[in-house]
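Below: one structure, written as structure tokens.
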Amino acid sequence: MYKIFKNAIPEDKMLACQKYIENQSKYYQFEEASDKLGKYQIKRIFNDDLLKSSAIKELFFYEPLIKKIKDEIGDFTIINYFSGMINSFGTVIHRDGQSLGYKYDSKVKSKKIFKVMFYFDVQNKTTSKCLDVNFFDFELKNFFFSKKIYMKVNYYYENYFRKKIMRSLNINLGDVIIMDNNTWHSASFIESRNDLMDLNFKCRKILLNFEVVNDQNIVHEHSQHVRNTYAKNKDGKYVNVNTNLIDQKYYEVLRKNNISIFNI
């Protein structure tokens, strides 16, 4: 499942965030990544680097967006780990739920975990081809008595059909994407990515995101998974997650809307 919330964030709030990331980008570390098309470079932005910015907190905790998410998936819990990436142009097609494993229970849990995504195309203030997702947004239902049979059939459906047919999402500045962890996706490829390496590195594309869970029974488990899987730098060390960086006024916004936040 994925959906675009059109014009969810005012343009001035988006541009304030973009300016902050561009100004700070020189302080972030390079990481080299690769796919079948070759190597490219990214810069990751970890939790505290984002939440030190009032402009970014205004984005993440923008009340009209919180209400849109709630209308779509019901009451939810925010996992208190926020992250970002500069120049995410990798073409590896994957589901975030793959990191939970390939059992039936993992697939069910993945439908209850959602990523909220904000994209910025630094060169284009209007539209951006930033993310490719599965064209067929329909998951195979379990009509079988055996979970093993269902998972076997589902494997072929997912990997030889749903994963093979992708589409690029066109979004405007201020649109927000939400997708569950069963959504196949990859970054949209640009041919000039090889020209954005080393001394030529420029901030061309920005992704900011966080995760929400709409099932209280798996919040603690997933928060531990996030900490052990994502909240580490390239040396494998845990990054700082300072829970004091979220102002009380944002907690009030969440509380007013019956939304909770869980620390990793």
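The values are calculated or read from the model by the stated rules, or taken from the named source; none is laboratory data. Please read these numbers as outputs of a predicted model, since none were measured by experiment. Every residue, glycine among them, receives a Cβ derived from its backbone with ideal geometry; neighbour counts consider all protein chains shown. We work out accessible area using only protein heavy atoms, side chains counted, and drop any ligands, DNA or RNA first. Shrake-Rupley method; radii C 1.70, N 1.55, O 1.52, S 1.80 Å.
Do you know which residues across region 79-96 are touching a Leu at 6+ places or on another chain (Cβ under 7 Å), open to solvent by less than 20 Å² (accessible area, probe 1.4 Å) and at negative phi?
If we filter region 79-96 for residues that are touching a Leu at 6+ places or on another chain (Cβ under 7 Å), which is where we start, we get 82, 84-85, 87-88, 91.
Those still in the list that are open to solvent by less than 20 Å² (accessible area, probe 1.4 Å) too: 82, 84, 87-88.
Scanning region 79-96 gives PHE82, GLY84, SER88.
Scanning for something open to solvent by 10 Å² or more (accessible area, probe 1.4 Å) and not in a helix (DSSP H, G or I), does region 20-27 turn up at least one residue? Before you say what the answer is, go through the steps one by one.
Quick first cut of region 20-27, residues open to solvent by 10 Å² or more (accessible area, probe 1.4 Å) only: 20, 22-27.
If we keep only those that are not in a helix (DSSP H, G or I) as well, we get none.
No, every residue in region 20-27 fails to be open to solvent by 10 Å² or more (accessible area, probe 1.4 Å) and not in a helix (DSSP H, G or I).
Within region 102-130, can you find the residues that are in a strand (DSSP E or B) and either closer than 29 Å to GLN216 by Cβ or of a type in the set (Ser, Thr, Tyr) (or both)? Step through it out loud before you land on a result.
Here is the first cut: in region 102-130, the residues in a strand (DSSP E or B) are 113-121, 127-130.
Of everything in region 102-130, those that are in a strand (DSSP E or B) and either closer than 29 Å to GLN216 by Cβ or of a type in the set (Ser, Thr, Tyr) (or both) turn out to be ILE113, PHE114, LYS115, VAL116, MET117, PHE118, TYR119, THR127, SER128.
Looking at this structure, is SER99 open to solvent by 50 Å² or more (accessible area, probe 1.4 Å) and either closer than 30 Å to VAL153 by Cα or in a loop (DSSP other than H, G, I, E, B) (or both)? Walk me through how you get there before you give the answer.
Numbers: open to solvent by 50 Å² or more (accessible area, probe 1.4 Å): yes; either closer than 30 Å to VAL153 by Cα or in a loop (DSSP other than H, G, I, E, B) (or both): yes.
When the stated conditions are applied, SER99 passes them.
Have a look at ARG167, ARG227, ARG162 and point out the one that is of a type outside the set (Asp, Glu), more than 18 Å from THR77 (Cα to Cα) and surrounded by 15 or more Cβ atoms within 10 Å (Cβ to Cβ). If you could, list the steps in order and put the result at the bottom.
Values: ARG167 fails: surrounded by 15 or more Cβ atoms within 10 Å (Cβ to Cβ); ARG227 fails: more than 18 Å from THR77 (Cα to Cα).
Checking each option against the conditions leaves just ARG162.
Given the options LYS232, LYS202, LYS237, name the one that is of a type outside the set (Ser, Thr, Tyr), out of contact with any strand residue (DSSP E or B) (no Cβ under 8 Å at 6 or more places or on another chain) and over 22 Å from PHE118 (Cβ atoms). Give the steps one after another, and end with the answer.
Values: LYS232 fails: out of contact with any strand residue (DSSP E or B) (no Cβ under 8 Å at 6 or more places or on another chain); LYS202 fails: over 22 Å from PHE118 (Cβ atoms).
Selected residue: LYS237, the only one of LYS232, LYS202, LYS237 that is of a type outside the set (Ser, Thr, Tyr), out of contact with any strand residue (DSSP E or B) (no Cβ under 8 Å at 6 or more places or on another chain) and over 22 Å from PHE118 (Cβ atoms).
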